[in-house]
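A short write-up of the structure that comes next.
Quick note: the coordinates plus some simple rules give every number you see, no bench work behind them. Given the structure is predicted, the values throughout are model-derived calculations rather than measurements. A quick note on method: Cβ atoms are made from the backbone with ideal geometry, for glycine too, and the neighbour counts reach across all protein chains shown.
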Amino acid sequence: MARVKSGVTTRQRKKKTFRFAKGSYFSKRSRWRQVVQQVERSMRFSYVGRKDRKGDFRSLWIQRINAAARINNLSYSQFIYGLKKAGIGLDRKMLAELAVVDPKTFQQLAETAKTSVAA
């Protein structure tokens, strides 16, 4: 019975890893041991980066909402508190979109938040 050789499979696996390492400097893209280390490191950072991006977008939305709220003489915290008290359940992504695209609607929301805080 003939033995099974794995040269093709190994080469395909290594080619895939080398493709991931494309763009790295010096031996980090051409030597197998350094390529494996670099690809593992890159994958770790890309995983963490995907998690960080969510927080980055949230902080961007909060900055946009805060800027628009201050135009309407409210602080960010007063605005969010007023919306919660009024029972308006828009998330920060939608509020930021309204602040940028449709300022009139945002102004109406700010007025609603003001009246609910005052009451």
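A few comments on the model shown:
- Reachable aspartates and glutamates, given that their alpha-carbon falls under 18 Å from the alpha-carbon of Lys85 and they are not under 8 places away in the same chain: Glu111
- Sorting the segments 24-36, 103-115 by their residues' average number of neighbouring beta-carbon atoms within 10 angstrom, most packed first, yields 103-115, 24-36.
- Segment 40-81 residues near the modelled Ser27 label - backbone nitrogen below 20 Å, point 7 Å along Cα→Cβ: 40-42
- Cα centroid separation - segment 91-115 against segment 18-84, whole Å: 26
- Evaluated at q = 0.10, 0.21, 0.22 Å⁻¹, a Debye calculation over the C-alpha positions of the chain (equal weights, vacuum) places log10 I(q)/I(0) at -0.55, -1.06, -1.12.
- For the residue pairs Lys51/Lys114; Lys93/Lys114; Lys22/Lys93, alpha carbon separations beyond 31 Å are given by Lys51/Lys114; Lys22/Lys93.
- Paramagnetic reach from Phe57 (point 7 Å along Cα→Cβ, amide N under 20 Å) across segment 72-98: 89-98
- For segment 22-62, the equivalent ellipsoid derived from the Cα gyration tensor has semi-axes of 31, 9, 4 Å, listed largest first.
- Among 88-100, 10-22, the order from most to least packed when residues are scored by Cβ within 10 Å on average: 88-100, 10-22
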